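Visitor: There's a structure below that I have some questions on.
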Amino acid sequence: MPNLRLALRTLFKTPFVTVVAILSLALGIGANAAIFSLFNQMLLRPLPVREPNRLVTLAATGPKPGSTSCNQAGDCDVVFSYPMFRDLEKVQTVLTGIAAHRLFGANLAARGQTLNGDGLLVSQRRFGADPDVINQTLIVNGQVMTIVGVAPRGFDGTTLGARAEVFVPITMRGFMTPGFKGFDNRRAYWAYLFARLEPGVSVDEGRTALNGQYRAIINDVEAPLQKGMSEQTLARFKSKPILVEPGPRGQSGMTREAKAPLTLLLGVTAFVLVIACANIANLLLARAATRAPEMAVRLSMGASRRQLVTQLIGESCLLALFGGAAGLVVAQWTLNLMASILPAEAADTVPFRVDVPVMIFAALLTLGTGFLFGLFPALHSTRSDLVSALKGQAGQPSGARTAARFRTALATAQIALSMALLVSAGLFTKSLFNVSRVQLGLTLENVIMFQISPGLNGYSPERSRGLFERLEDELAAVPGVNGVVASMVPLLSGSNWGNSVAVEGFDAGPDTDTESRYNEVGPGYFATLGIPLISGREFTRADAAGAPKVAIVNEAFARKFKLGRDAVGKHIGDRGGKLDTDIVGLVQNAKYSEVKAEVPPVFFRPYRQDEQLTYVTFYVRTSLDPERFLSSIPKVVTQLDPNLPVVHLRTMPQQVQEHVVLDRFISTLSAAFACLATLLAAVGLYGVLAYTVAQRTQEIGLRMALGATPTRVRTMMLRKVALMTLVGGTIGLTAAIGLGRLAESLLYELKGSDPLVLLGAAVVSGLIGCCRSRSSGSTWSPT
């Protein structure tokens, strides 16, 4: 307790140093804790289930002839057919069980309210107990279901990025998704699988055992069903493995997507913390010089060096404790900033809060940094020359040169780190600028989009089509509306439907890629969205069920299947089927599902010719302010069906921004952290130079007394700054180029060594060094 009181008294004797140190630490620790919060939730934290380390995920690699469907749970490369899932269930010997799951959109009706959310189709059921809801009824996608249990608190499903609000047996997918017929089809791949290993069975042992059983099913059951394969492809089909990987965190494509940016941001914040620690070490070294007489007196009176070092490190750790406590506040502010950048739907999937793991991380970081920045000043200040210190010559204690070199090295390292972060921020900012300049091929201004899924409310496909047509008419009658169209696949949302096609005049061998994206749209779709028609015509209301099948293709489709500009009049169909669809139009390429990806081949069909369609996305072009017009949409839908939820209601520019949210997220945070690091580095550089000037005041005065001009003295000081900036900048640029290469996968149309970004960072760093040197030079006067 006496040591604690002494440490507190000592810290508040120099309030400026203490406040600056606490603020620096709060910013550094807070930034790290905030990024770690996301890193932990998305990449480290296991599912809240019993023995999560025994969970494994299963993946089925290609070839996969037939139809493939996937969603947020992962890539299309990993899904299985339902019959294969049941076969593996029967033959496996190393698992306590295999589970299949699949996300689906759910309209939930209970107690007079209808809400839209995510549901999870599952093949196993494990529920907790809540007598308040057990045996009550819930309408899920128009089906009356009985609640038989409640999932444990904290369990939101097995897919990161989606919070399942209801769990439904996977055998009921046909009821949840009207028209689904994939249970018996071995060429329909849509089910995600995970499993639990038997006690004592390793992942490698499980993988070896399952592969033997999986290949037996492939060769004995599925290979004979394949038609039209070349010998090479059939051989690959027979030898394809089943992948078994650790799955304690569940199964989600978001984990893979988030790993690189979160790792990068965690590294960036670590740089910020190192810069903050260097600042505090410099401050403590400067304060140690003024305490040299105190240390000398205590040593001369019998205190051991170990006691003094312990006392000084204790003061550093106490300083770090204050900084860590403030850092938790900064961490929550930073998390709030992150949540504000993300779309509301994405922000709802991950809790942006400081939880227990984050507090533990912040505590460990606090103790580590307290020891790190306090060790050298403590060791240095207890090596004072007793005789010179007691004679009042503490201004030049023994080891002063060592301390000066250490401070200079710290400032140089700060410049290097801030340079690297400036380059990183510049790269991501320029990448985002490149994304913002992408030519979409669409006219999105004054366009509003929203989705309705009447099929999830129990509508039949025929009744759904009637609702879509009435809604088109009702919306078109609203004052200020210039156009209303609909499509099955929403634009720029990452969603895709695809199919293998046969094209008139295109010779396709067994291994030829004949995949194309596929969409169903309404009349006037291309004109309303500003996609130019090259030849042919648009769809009309006459292109309805029972009318001749028609399609419109884009330029990428015409190029892939070698149709050129003569696509109109040619015929297409399902691969292996009849060429029963007439191409009536050719449109220019326009961005489809991805802003940054190349435009894929796409063929469009009238949604009125789809006998199973029960959901669409509407696009409304208005001459009014679209933000104010948004509230009008639900009112129109409510007039037709008050129980039908309107989801994903937004303007098209908002849709584009949300689609590239990862780019905005990384560029905003990297720029913020780079500015913070540069500010801390500038403070550190100022501190070093100001302290150097103060220590050399007598020398400077003597030089000027002997005839040195103020300009010459300033040049002398600037020379040191220039050397530190040059060395630090060179090291920082080298590190930045390496960092940029690692981050190239996250950049758009940009190299990690972009010369303009490197030059800009160097100029900023040089200007900051110059400003700091001039500021420090003003702390002394020729008089």
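Visitor: Exactly one of these conditions fails for PHE271: (1) under 34 Å from the mean Cα position of the chain (by Cα); (2) open to solvent by 30 Å² or more (accessible area, probe 1.4 Å); (3) without any contact (Cβ under 8 Å) to a residue 60 or more places away in the chain. Give me its number.
Guide: (3)
Visitor: I'm trying to understand the selection: among the residues of region 236-262, which are of a type in the set (Asp, Glu) and either farther than 22 Å from ARG196 by Cα or surrounded by 16 or more Cβ atoms within 10 Å (Cβ to Cβ) (or both)?
Guide: Passing the criteria: only GLU257.
Visitor: Return the residue satisfying two criteria in turn: it lies in region 589-647 and is crowded, with 19+ Cβ neighbours inside 10 Å and of a type in the set (S, T, N, Q), and of such residues it is nearest to LEU491 (Cα to Cα).
Guide: This residue is SER593.
Visitor: Out of (1) open to solvent by less than 40 Å² (accessible area, probe 1.4 Å); (2) touching a residue at least 24 places away in the same chain (Cβ under 8 Å); (3) part of a helix (DSSP H, G or I), what's the single condition that is false for GLY174?
Guide: (2)
Visitor: Residues in region 435-466 that are in a helix (DSSP H, G or I) and open to solvent by less than 30 Å² (accessible area, probe 1.4 Å): how many?
Guide: Summing the residues that are in a helix (DSSP H, G or I) and open to solvent by less than 30 Å² (accessible area, probe 1.4 Å) in region 435-466 gives 7.
Visitor: Turning to a different aspect of this structure: When you scan region 571-588, how many residues do you find that are closer than 26 Å to HIS659 by Cβ and open to solvent by 50 Å² or more (accessible area, probe 1.4 Å)?
Guide: Final tally of qualifying residues: 1.
Visitor: Among (1) in a helix (DSSP H, G or I); (2) touching a residue at least 40 places away in the same chain (Cβ under 8 Å), which single condition is PRO351 missing?
Guide: (1)
Visitor: Please give the number of the condition LEU662 fails out of (1) farther than 28 Å from ALA270 by Cα; (2) open to solvent by 40 Å² or more (accessible area, probe 1.4 Å).
Guide: LEU662 satisfies every listed condition except (1).
Visitor: Next up: Exactly one condition in (1) open to solvent by 50 Å² or more (accessible area, probe 1.4 Å); (2) in a helix (DSSP H, G or I) is false for PHE373; which is it?
Guide: (1)
Visitor: Looking only at region 48-63, count how many residues are assigned to a loop (DSSP other than H, G, I, E, B) and open to solvent by 40 Å² or more (accessible area, probe 1.4 Å).
Guide: Looking only at that region, the number is 5.
Visitor: Is region 381-392 home to any residue that is assigned to a helix (DSSP H, G or I) and modelled with pLDDT of 80 or more?
Guide: no
Visitor: Has region 88-96 got any residue that is surrounded by fewer than 16 Cβ atoms within 10 Å (Cβ to Cβ), touching a Leu at 6+ places or on another chain (Cβ under 8 Å) and outside any loop (DSSP other than H, G, I, E, B)?
Guide: yes
Visitor: Taking the criterion of being out of contact with any Ser or Thr (no Cβ under 7 Å at 6 or more places or on another chain), open to solvent by 10 Å² or more (accessible area, probe 1.4 Å), farther than 20 Å from ASP610 by Cβ and of a type in the set (A, V, I, L, M), would at least one residue in region 180-196 satisfy it?
Guide: no
Visitor: Is there any pair with a first residue in region 498-524 that is within 22 Å of GLU538 (Cβ to Cβ) and hydroxyl-bearing (Ser, Thr, Tyr) and a second that is open to solvent by less than 10 Å² (accessible area, probe 1.4 Å) and not in a loop (DSSP other than H, G, I, E, B) whose Cβ atoms are under 8 Å apart and which are 6 or more apart or on different chains, and what are they?
Guide: That search, which allows pairs on different chains as well, returns SER516/VAL501; SER516/PHE557; SER516/VAL602; SER516/PHE603; TYR518/VAL602; TYR518/PHE603.
Visitor: Run down LEU742, LEU756 and say which single residue is of a type outside the set (Ser, Thr, Tyr), at pLDDT 85 or above and closer than 30 Å to LYS596 by Cβ.
Guide: LEU756
Visitor: A further question on this structure: Hey, does region 7-22 have a residue that's modelled with pLDDT of 85 or more, at negative phi and of a type in the set (A, V, I, L, M, F, W, C)?
Guide: Taking every residue of region 7-22 in turn, at least one turns out to be modelled with pLDDT of 85 or more, at negative phi and of a type in the set (A, V, I, L, M, F, W, C).
Visitor: Also: Only one residue in GLY505, GLY509, GLY483 is over 30 Å from ALA235 (Cβ atoms) and assigned to a loop (DSSP other than H, G, I, E, B). Which one?
Guide: GLY505
Visitor: A follow-up question, please. Considering only residues that are among the hydroxyl-bearing types (Ser, Thr, Tyr) and under 13 Å from the mean Cα position of the chain (by Cα), which ones fall in region 331-359?
Guide: THR349
The values are calculated or read from the model by the stated rules, or taken from the named source; none is laboratory data. The shown structure was predicted, so the numbers you read here are calculated from the model rather than taken from an experiment. Note that each Cβ is placed from the backbone with ideal geometry, even for glycine, and that neighbours are counted across all protein chains shown. Heavy atoms of the whole protein, side chains included, go into the accessibility calculation; ligands, DNA and RNA do not. Shrake-Rupley method; radii C 1.70, N 1.55, O 1.52, S 1.80 Å.
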